[in-house]
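**Student:** This is the structure I have questions about; it appears just below.
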Amino acid sequence: MDVNQKAIEFHNVSFGLLNGKTLLYDLNLEVHQGETLVLLGRSGCGKTTTLKLINRLLDPTEGEVKVEGTPTTQWDPIRLRRRIGYVIQEIGLFPHFTIEDNVGVVPSLEGWVTEKIKARARELLDMVGLDPGRFATRYPRELSGGQRQRVGVARALAADPPFMLLDEPFGALDPITRREIQQEFRSLQKRLGKTMVFVTHDVREAFLLASRIGLLKDGKMVLLGQPADLLKSEDPEVRAFADCLHDPDESVGTT
């Protein structure tokens, strides 16, 4: 793994709506192969917009986003998205598919043979802490929120994509379950070495999972660096996040 290789690049990227509102301003950013960049900030700061520009759910109004050296606008959107595992808070499991079938959706679309899909699904369920013998043939309604979120992570990994985008994936879970999954996810990071961009407003989650943190405010990057850089900053907005490490609420307000 070449940690100096640029996996994702933003060059002077802005994104605005048709009504004239700008959600992201002149973003310059590099995500290196195998690192986990955590985008931290309040709701509406541009975190999710940044993710959607990577997998081409949005195209930049100005500037250029590159994935593996190729501008996203030159990628076929479907091929690009199949190289990217995408995990969201709502999970989006198919209710009438078994857990095994949910995990195997992308491999099935990629034309994998049935036995290979089944083996991969069971391998991943075991990897995320769900016994395949117990869970493979169940349906999403039969699982807890934490178990469904684990299935969401397994599904995102199913076709072994080089990239993972995660949009507050654990935000809806109770605090105890959330901490358990964060620790399991951290273990997965170390084993798999994927390039990940992870969105959160939970400062402790950011410090636990990040190789680097990008702090966004009102569509602008106000800090990009190691977690320790956030603690050293004298900027009042940055300090508001750093101070949350000592706050039992553990996150900055999301309004």
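The values are calculated or read from the model by the stated rules, or taken from the named source; none is laboratory data. Bear in mind the structure is a predicted one, so any value in this text is a computation, not a measurement. Here the Cβ positions follow ideal geometry from the backbone for every residue, glycine too, while neighbour counts run over all protein chains shown.
So that you can scan it fast, the table gives a plain yes or no per residue for (1) at pLDDT below 90; (2) buried (at least 22 other Cβ atoms within 10 Å of the Cβ); (3) closer than 30 Å to residue 26 by Cβ; (4) not charged (D, E, K, R):
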site: 138; (1), (2), (3), (4): no, no, no, no
site: 143; (1), (2), (3), (4): no, no, no, yes
site: 153; (1), (2), (3), (4): no, yes, no, yes
site: 182; (1), (2), (3), (4): yes, no, no, yes
site: 214; (1), (2), (3), (4): no, yes, yes, yes
site: 225; (1), (2), (3), (4): no, no, yes, yes
site: 230; (1), (2), (3), (4): yes, yes, yes, yes
site: 236; (1), (2), (3), (4): yes, no, yes, yes
site: 239; (1), (2), (3), (4): yes, no, yes, no
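**Student:** Considering region 8-24 alone, what residues qualify as being assigned to a loop (DSSP other than H, G, I, E, B) and either charged (D, E, K, R) or closer than 13 Å to residue 62 by Cα (or both)?
**Tutor:** 17, 21
**Student:** Restricting to region 52-70, name every residue that is surrounded by 18 or more Cβ atoms within 10 Å (Cβ to Cβ) and either at pLDDT below 95 or assigned to a loop (DSSP other than H, G, I, E, B) (or both).
**Tutor:** 55, 56, 58, 60
**Student:** Residue 107: surrounded by fewer than 23 Cβ atoms within 10 Å (Cβ to Cβ), out of contact with any strand residue (DSSP E or B) (no Cβ under 7 Å at 6 or more places or on another chain) and not charged (D, E, K, R), yes or no?
**Tutor:** yes
**Student:** May I pose another question? Answer yes or no as to whether residue 106 is in contact (Cβ under 8 Å) with a residue 40 or more places away in the chain, among the β-branched types (Val, Ile, Thr) and either at positive phi or part of a helix (DSSP H, G or I) (or both).
**Tutor:** Answer is yes for this residue.
**Student:** Give me the strands (runs of 3 or more DSSP E) completely within region 130-227, filtered to those with at least 3 residues that are over 20 Å from residue 92 (Cα atoms), ordered by residue number.
**Tutor:** The strands (runs of 3 or more DSSP E) meeting that bar are 212-217, 220-225.
**Student:** In region 1-13, what count of residues is obtained for those that are farther than 17 Å from residue 213 by Cα and crowded, with 17+ Cβ neighbours inside 10 Å?
**Tutor:** Residues in region 1-13 being farther than 17 Å from residue 213 by Cα and crowded, with 17+ Cβ neighbours inside 10 Å: 1 in total.
**Student:** On to the next question. Name the one entry in 29, 40, 17, 23 that is surrounded by fewer than 15 Cβ atoms within 10 Å (Cβ to Cβ) and either among the acidic types (Asp, Glu) or touching a strand residue (DSSP E or B) at 6+ places or on another chain (Cβ under 9 Å) (or both).
**Tutor:** None of the other options fit; the residue is 17.
**Student:** Looking only at region 71-99, count every residue that is part of a loop (DSSP other than H, G, I, E, B), surrounded by fewer than 18 Cβ atoms within 10 Å (Cβ to Cβ) and not aromatic (Phe, Trp, Tyr) and tell me the total.
**Tutor:** 8
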